[in-house]
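Quick notes on the structure that follows.
The values are calculated or read from the model by the stated rules, or taken from the named source; none is laboratory data. Here the structure is a predicted model, which is why all the values come from computation and not from measurement. Cβ placement follows ideal geometry from the backbone for every residue including glycine, while neighbour counts extend to all protein chains displayed.
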Amino acid sequence: MKYKNVLLVNDINDDAETFVLVLNAINTKIRSSVEGSALEALKKLKDSKLSPDIIFLDYNMLDLDGTGFLKLLRNIKGLKRIPVVLYSRNSGHMLEEAMTKFKRVQFLKKHTDFKKLFKSLQKIIIAEKSENKA
């Protein structure tokens, strides 16, 4: 398994609950943390209270959008290389721009269907080290 410690930054409780359920269905050894505030997640990351292998970020957070989060994250020593997956219902110009501007960023469409989300997350979480160099 490529990623064992997962951070989800998402302010929609239902989406977060589904995401964690899917992670547990993929592998019960995956440790997941959920932050409902992008700013609070950044604070905890900076203070080393969170140490994920990968971050899934809802691009449309209320307190800070995905681009703002990525700018601040990439300025925190030791976190520049952590992979980030922008997690959103819609792909668009701003998401594409963020994926181009920042290294180690990819996109995952939010699925309401459990099986589709399972397959999509499984490809990322279980991917071999030589694959998915996001």
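How many residues are touching a strand residue (DSSP E or B) at 6+ places or on another chain (Cβ under 6 Å) and more than 14 Å from Tyr87 (Cβ to Cβ) when one looks only at segment 33-49?
Result for segment 33-49: 1.
Within segment 106-134, can you find the residues that are farther than 16 Å from Val6 by Cβ, at pLDDT below 90 and of a type outside the set (Lys, Arg)? I'd like the intermediate steps shown before the answer.
Step one: filter segment 106-134 for residues farther than 16 Å from Val6 by Cβ, giving 107, 109, 111-116, 119, 128-131, 133.
Retained after the next criterion (residues that are at pLDDT below 90): 107, 109, 111-113, 128-131, 133.
Hits for segment 106-134 are Phe107, His111, Thr112, Asp113, Glu128, Ser130, Glu131.
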Assuming Glu35 fulfils every condition listed in (1) in contact (Cβ under 8 Å) with a residue 60 or more places away in the chain; (2) among the acidic types (Asp, Glu); (3) crowded, with 22+ Cβ neighbours inside 10 Å apart from one, which condition is it?
-> (1)
Could you tell me whether segment 43-51 includes any residue that is surrounded by fewer than 20 Cβ atoms within 10 Å (Cβ to Cβ), under 15 Å from Ile124 (Cα atoms) and among the hydrophobic types (A, V, I, L, M, F, W, C)?
-> no
What is the one condition in (1) buried (at least 18 other Cβ atoms within 10 Å of the Cβ); (2) touching an Asp or Glu at 6+ places or on another chain (Cβ under 8 Å) that Leu62 does not satisfy?
-> (1)
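Does segment 1-57 hold any residues that are hydrophobic (A, V, I, L, M, F, W, C) and assigned to a loop (DSSP other than H, G, I, E, B), and which are they? Show your work before the answer.
Kept after step one, since they are hydrophobic (A, V, I, L, M, F, W, C), are these residues of segment 1-57: 1, 6-9, 12, 16, 19-23, 25-26, 30, 34, 38-39, 41-42, 45, 50, 54-57.
If the condition is that a residue be hydrophobic (A, V, I, L, M, F, W, C) and assigned to a loop (DSSP other than H, G, I, E, B), then Met1, Ile12, Ile30, Leu50 are the ones that fit.
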Residue selected from segment 80-92 under the condition at pLDDT 90 or above and part of a loop (DSSP other than H, G, I, E, B), by the criterion surrounded by the most Cβ atoms within 10 Å (Cβ to Cβ) | Pro83
